[in-house]
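Working notes for the structure below.
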Amino acid sequence: MDPFMQAAIEEARKGYEAGGVPIGSVLVHRGEIIGRGHNQRQQRGSAILHGEMDALENAGRLPAHVYREAVLYTTLSPCPMCSGAIVLYGIPEVVIGENTTFKGDEALLRERGVTLTIHDDSQCKSLMAQFIAERPEVWYEDIGESGAS
């Protein structure tokens, strides 16, 4: 397994163990993790701390060229908010653990020239399936929906 995706999965597990949505992310620059995070909307009462946003926040303020040389790893396809941040900062590549549970704004990312690599990772899928079965109301809130249809 790719060590950076494994680090993102470890972040997702941290989020799950803390009662949040199990989505993790790491920002990698020149082969080194410079930011890591997991969804913390429940834990911190945040409107925006998805896994990708938390990893960007934890990386701190960086020069523009660092983002343009970085790769973002995330366990789940990025939502429109996170995709917007990826485009805003010019991150050229995103590695996605899975996009079956939720397919984010991949079309926007591709239109803007972002390279996407999608793993069909069973760990990512099973962690999400377990969480959604246990706490569907939190999941639907996180993706901005009112519930199962």
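The values are calculated or read from the model by the stated rules, or taken from the named source; none is laboratory data. Computed from a predicted structure; not experimentally measured. A quick note on method: Cβ atoms are made from the backbone with ideal geometry, for glycine too, and the neighbour counts reach across all protein chains shown. Side chains included, ligands, DNA and RNA excluded: accessible areas come from the protein's heavy atoms. Shrake-Rupley method; radii C 1.70, N 1.55, O 1.52, S 1.80 Å.
So the values come out like this:
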| quantity | calculated |
| --- | --- |
| Segment 3-139 - accessible surface per residue (Å², probe 1.4 Å) | 45 |
| Accessible surface of Leu62 - all protein chains present, 1.4 Å probe, nearest 10 Å² | 40 |
| Burial ranking of peptide ranges 68-81, 3-16 (average Cβ count within 10 Å, highest at the top) | 68-81, 3-16 |
| Of all accessible heavy-atom area on the chain, the percent that carbon and sulfur account for (1.4 Å) | 49 |
| Between segment 5-58 and segment 94-111, the Cα center-to-center distance that results, in Å | 16 |
| Unit charges on C-beta of K, R, D, E only; dipole of the chain, Debye | 300 |
| Rounded to 5, the percent of DSSP beta bridges in the chain classed as antiparallel | 60 |
| Degrees, to the nearest 10: 122-134 long Cα axis against longest axis of the chain | 40 |
| Length-normalised contact order for the chain - Cα pairs under 8 Å, 6+ apart - percent | 19 |
| Segment Val87-His65, length gained on full extension (0.36 nm per residue, minus Cα span) | 6.6 nm |
